[in-house]
1. So for region 193-207 (the condition being closer than 22 Å to residue 85 by Cβ and within 18 Å of the chain's Cα centre (by Cα)), does at least one residue qualify?
2. In region 177-188, how many are in a loop (DSSP other than H, G, I, E, B) and either touching a strand residue (DSSP E or B) at 6+ places or on another chain (Cβ under 9 Å) or more than 16 Å from residue 68 (Cα to Cα) (or both)?
3. For residue 89, state whether it is closer than 23 Å to residue 217 by Cα, in contact with a helix residue (DSSP H, G or I) (Cβ under 8 Å, 6 or more places away or on another chain) and surrounded by 15 or more Cβ atoms within 10 Å (Cβ to Cβ).
4. Given the conditions (1) buried (at least 20 other Cβ atoms within 10 Å of the Cβ); (2) in contact with a helix residue (DSSP H, G or I) (Cβ under 8 Å, 6 or more places away or on another chain); (3) in a helix (DSSP H, G or I), which single one is not true for residue 174?
5. Looking at residue 157, is it in a strand (DSSP E or B), touching a residue at least 24 places away in the same chain (Cβ under 8 Å) and on the phi < 0 side of the Ramachandran plot?
6. If you take the residues of region 110-128 that are under 14 Å from the mean Cα position of the chain (by Cα) and assigned to a helix (DSSP H, G or I), which of them is farthest from residue 224 (Cα to Cα)?
7. Is it the case that residue 107 is surrounded by fewer than 24 Cβ atoms within 10 Å (Cβ to Cβ) and under 30 Å from residue 263 (Cβ atoms)?
8. Look through region 137-153, keep the residues that are touching a helix residue (DSSP H, G or I) at 6+ places or on another chain (Cβ under 6 Å) and in a loop (DSSP other than H, G, I, E, B), and return whichever of them is farthest from residue 241 (Cα to Cα).
């Protein structure tokens, strides 16, 4: 059995536990997948996705997480790199003086509460298909079809699996766009707030888990992460990249994730 299949077998029970039951997940996803092949919005998204296939073949990119470690990271160094921003990373744009090359948002609670802000971002945006009623499809936006079966999907036109974290979706996008090397920064993989994964909370004050205390600030609805399941998803990403002679490396300062090869952030620009 391949390493990828072995990892997949570990992911499946976690996926079921985290989402009540496999049957419930199938019921939720079925109408979305069907509409993906019928609606005009989906057709436009597929056309735009096809146009991006291998656009950055052989290049490197940076996936920027939203952890507190970003405050220790000199982001000016990636100003001229290809970057993927996630969820509310745009709260940093005025401060650092540039926007990310691409933006990814797949969490329904984030999109629901921040749709107007995300829609105004000046870069191409990848948005979860299930949030299509929350945000209008613009010329710089593409919807992604969510898949219920765990896996690392290499064809965005057919969909992506969320892997319990938007970072995993960004990895699938980076692969599809042809990047040879993906560098992770700001992926702390550690939360000060504890509790059962996927529990929905309403913030009562400052956010201690992200680079900005207002990220999930007072009154914001959010879900506790599933770090165990996301680690298994990351292993699937690592194995897929390695199988095709590519690599994901982790340059997060003081990050807790132990899945990817660690490298020194500043040495990338020496």
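1. Looking through region 193-207, none of the residues is closer than 22 Å to residue 85 by Cβ and within 18 Å of the chain's Cα centre (by Cα).
2. Number of matching residues: 6.
3. no
4. (2)
5. Answer is no for this residue.
6. Across region 110-128, the extreme among qualifying residues is 111.
7. So residue 107 passes the test.
8. Going through the qualifying residues, I end up with 137.
The values are calculated or read from the model by the stated rules, or taken from the named source; none is laboratory data. The structure presented is a predicted model; accordingly, all values stated were derived computationally and were not measured. Quick reminder, even Gly has a Cβ in these numbers, built from the backbone with ideal geometry, and neighbours come from all protein chains shown.
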